[in-house]
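**Q** Got a structure here, written out as structure tokens. Questions coming.
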Amino acid sequence: MNTRFNAKRVAVCGLLLSMMLILGWVEHMIPLNSSIPGIKLGLSNSVLIFAVYMLDVPTSYVLMAMKVLLSCAFLGTPASMMMYGFAGGLLSLTGMVLLSKVKGIHPVTVSMVGGVLHNVGQVGMAILVSNTPMLLYHMAILMLVGLGCGLLTGVCANMVMQHMKHMKF
């Protein structure tokens, strides 16, 4: 029997996707009064970090893709925003997957790098789409925000993973 698609695994993935969507919705409801567009907490990233460490790489990419697609559908954001979500998500997740394989690097550090790379991916896509290299000036602030938010989500994910290890997840 293929353990990759067993009922328990499908149920866990459904729960993780639901959590990511709910956290994304909660985050969408939090007004961040910022003069820099694109700043958000990245709460659902904590679930994605959990998937990277506790599941497998292909499942993590599927969860990220489903989160971007369904978030755009549920939150009513324009389809054009989907490309920014995918650009940030793919770069961030790829960086987190690669770093998670390096022995000795803590999940919180992986999360912080993921937060920075998400912003790099989104700004890179914005520069490509708008042909406006001046957007690079926003990168420094967004990288600092990505570090801070990555720290927050990494600590949350690490705490959950520690509890799950005791439960022999």
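The values are calculated or read from the model by the stated rules, or taken from the named source; none is laboratory data. Please read all numbers here as calculations on a predicted model, not as lab measurements. Virtual Cβ from ideal backbone geometry, glycine too; neighbours counted across all protein chains shown. Just the protein is used for accessible areas: all its heavy atoms, side chains included, with ligands, DNA and RNA removed. Shrake-Rupley method; radii C 1.70, N 1.55, O 1.52, S 1.80 Å.
**Q** Which one is nearest to MET83 (Cα to Cα) among residues in segment 114-131 that are open to solvent by 50 Å² or more (accessible area, probe 1.4 Å) and without any contact (Cβ under 8 Å) to a residue 12 or more places away in the chain?
**A** The extreme case among them is LEU128.
**Q** For residues that are part of a loop (DSSP other than H, G, I, E, B) and modelled with pLDDT under 80, tally how many sit in segment 1-29. So that I can check it myself, show each step before the final result.
**A** Going through segment 1-29, the residues part of a loop (DSSP other than H, G, I, E, B) turn out to be 1-2, 6.
This time we only want the ones that are modelled with pLDDT under 80, so: 1-2.
Number satisfying all stated conditions: 2.
**Q** Considering ALA73, ALA65, ALA87, which residue is loosely packed, with under 15 Cβ neighbours inside 10 Å, modelled with pLDDT of 85 or more and not β-branched (Val, Ile, Thr)?
**A** Values: ALA65 fails: loosely packed, with under 15 Cβ neighbours inside 10 Å; ALA87 fails: loosely packed, with under 15 Cβ neighbours inside 10 Å.
Within the list ALA73, ALA65, ALA87, the selection yields ALA73.
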